[in-house]
Amino acid sequence: MADRPQYFENTLTPLSINTTTLSESLHELRVAVRSGAELIQENTPLPETWGSNGIMRAFPGIALAFLRLDYQSSVLDDHRAASIDYRLYALQRIPSSLPDTPLLASRLSPIGSSSPVTAATLRILGIFAKNNSQDSPNVSIAGKDIICLHDAMKCALTNEPLVIHEGRKMGGDEMLFGRAGLLWALLNIRAHHFDKETQAVLSPMLGGFLS
């Protein structure tokens, strides 16, 4: 164990900051993003069932990554190559309905959890992708997704710092499975605007949890 290095020396040489190197770096970044996206699309089968998946596991994380690339596509597209439809890649991996998975007090975060919150979060973010990532008074959320978030919020507000999962106590406030991950999802959702009916339902719920 003592022979293993505790760190690796940084042998990279920083680039000179000028117009040429910045342009070349942007081109290399675009090529790398495009290559990575194509490899994922070609080698990752589209989901047939939901399974035990959070954003850190399998297709939900891929869907979120493609949603982010779609949002940034205006700076990632290279005029020297055909554009990639990141939005289509993302929507292919977003579930059409909530999974038949119970909402557990110990699994409120969409990030690491096998939880309906994961599907609800992706479905809501997918709505904005379909709307060209623009807020609109016509954007609405399915009632079952709102109910899912509301139930998760009520559960989170009653949770203790330690919760029971499979017979043992675990932290209930961390990012992968706990309330911090749910907070991340709600903050991302609250950053958008919806139609009046949806906004009226969401505002008291999000305001009460995030205040």
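Points to keep in mind about this one:
- Probe 1.4 Å, accessible area per residue of the chain, Å²: 60
- 0 to 90° range, to nearest 10: angle between helix 143-158 axis and the chain longest Cα axis: 80
- When shorter helices are ignored and each DSSP H run of at least 4 residues is given -39500 (n - 2.57), the per-residue value for the chain at 222 nm works out to -16000 deg cm²/dmol.
- Calculated FRET value between Thr158 and Trp184, using beta carbons and R₀ = 25 Å, to 0.05: 0.80
- Computed P(r) (all Cα pairs; the chain; 5 Å bins; percent): 1, 6, 13, 15, 15, 13, 12, 10, 7, 5, 2, 0, 0
- Environment charge at Lys130 (Cβ cut-off 12 Å; Lys +1, Arg +1, Asp -1, Glu -1): +1
- Top of Thr118, Thr20, Thr49 by mean-square fluctuation, Gaussian network on the chain, Cα under 10 Å: Thr20
- Anchor Lys169: aspartates and glutamates whose Cα lies under 16 Å away (excluding residues fewer than 8 positions away in-chain): Glu160
- Cα-based helix-to-principal-axis angle, 116-130 vs the chain, degrees rounded to 10: 50
- The chain: angle of helix 59-71 to the longest principal axis, Cα-based, in degrees nearest 10: 60
- Taking the protein heavy atoms of the range 40-183 in the context of the full set of protein chains, the accessible area attributed to carbon and sulfur is 54 percent at 1.4 Å.
- Taking other residues whose beta carbon is less than 14 angstrom from the beta carbon of Leu64, and scoring Lys, Arg as +1 and Asp, Glu as -1, yields +4.
- Distance between the pseudo-spin-label points of Asp77 and His165 (7 Å out from Cα toward the beta carbon): 4.1 nm.
- Reachable lysines, given that their alpha-carbon falls under 25 Å from the alpha-carbon of Lys144 and they are not under 8 places away in the same chain: Lys130, Lys154, Lys196
- Sequence of Met175, Met56, Met170 when ordered by accessible area, the most exposed leading, probe 1.4 angstrom: Met56, Met175, Met170
- Top positive-direction residue, dipole computed over the range 1-79 with Cβ charges, set Val31, Ala65, Thr11: Ala65
- Pairwise centroid distance, computed over Cα atoms, of the range 1-48 with the range 86-114, Å: 28
- Two-site FRET efficiency, Ser97 against Ser25, from Cβ-Cβ distance with R₀ of 30 Å, rounded to 0.05: 0.10
- Convex hull (Cα only) mean projected area of the range 1-125, reported in nm² to one decimal: 12.3
- Dipole of the chain, positive direction: furthest Cα of Leu182, Leu88, Gly112, with charges on the beta-carbon: Leu182
- Residue-level accessible surface for Val75, protein heavy atoms, 1.4 Å, Å²: 80
- With R₀ fixed at 45 Å, the C-beta to C-beta distance from Ala142 to Thr13 puts the FRET efficiency at about 0.30.
- Most tightly packed first, judged by the mean number of other beta-carbon atoms within 10 Å of their residues, the peptides 141-149, 101-109, 11-19, 191-199 read 101-109, 141-149, 191-199, 11-19.
- Protein-only accessible surface order, largest first, of Tyr86, Tyr7, Tyr71 at 1.4 Å: Tyr7, Tyr71, Tyr86
The values are calculated or read from the model by the stated rules, or taken from the named source; none is laboratory data. Treat the numbers as computed from the prediction; the structure is a model and nothing was measured. Cβ coordinates were reconstructed from backbone atoms using ideal geometry, including for glycine residues, and neighbour counts include every protein chain displayed. Note: areas computed on protein heavy atoms with side chains; ligands, DNA, RNA excluded. Shrake-Rupley method; radii C 1.70, N 1.55, O 1.52, S 1.80 Å.
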